[in-house]
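The values are calculated or read from the model by the stated rules, or taken from the named source; none is laboratory data. Because the structure is predicted, anything quoted here is derived from the model rather than measured. Cβ sites come from the backbone with ideal geometry, for glycine too, and all protein chains shown count toward neighbours. Heavy atoms of the whole protein, side chains included, go into the accessibility calculation; ligands, DNA and RNA do not. Shrake-Rupley method; radii C 1.70, N 1.55, O 1.52, S 1.80 Å.
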Amino acid sequence: MLGVLAVDLFKQTDDYKTAAKAGYFLDHRFQKIKNYSGMSATDLSSPLLDPSGVVNHSHVNHQDMAFLAQAEQYDDIEAARKAVGAVFETIQSCSNGSRKPYGTLLYLRYIKYDFDTNVYNKMGYSSSHYYNLRREALCQFAEILPVKKLKYQYKNYDLLPDLLVYKSGDN
């Protein structure tokens, strides 16, 4: 696996296509995964969020046979919670300085699910500067996600796609 990663480091990504693919994922597929997981933006902004997404006490009678029928749904929900955790940690891992506020931008836009106009107004940027920063942020997100995906993998579920798009000559 390391050899594959080392080779990919030398490929040039198509920033516009990568940003478009990452933006589409965060706007559409991630929102569905987040909804299915039962996690809200408030859950993700809480400092008390358990990274495993597991509650200590489930309030379930474990002798109830109906619970066994829900085991597959439990796995689906747990996989969704792990995927949400991976995305959230990826966003937290993005640069977040004054010149590259990628983490804040991605958090406001895709976790809080705010409109672009509201985000660039809150951050004090012109729309053109904001959209350049958003493209860069989405590219960085796409570069970091594979590492977090491995960390948060749940069984054989593969809810998080590869978001990097390489330039034609490098494929």
Taking 7 Å along the Cα-to-C-beta vector as the label spot, tell me the TYR74-TYR36 distance in nanometres, rounded to one decimal. 1.9 nm
Please compute the modelled spin-label separation between LYS155 and ARG29, points set 7 Å along Cα→Cβ, answer in nm with one decimal. 2.0 nm
Of the accessible area of the stretch 80-171, computed with a 1.4 Å probe and all protein chains kept, carbon and sulfur make up a percent value of 48 percent
Sequence-distant residues sharing a close amide H with TYR166 (under 5 Å, placed H): ASP14
Starting from the Cα of PHE10, step 7 Å along the direction of its Cβ; do the same at SER168; then give the gap between the two resulting points in nm. 2.3 nm
How much length is gained if the chain between TYR131 and ASN96 is pulled fully straight, taking 0.36 nm per residue apart and subtracting their Cα-Cα distance, in nm to one decimal? 11.0 nm
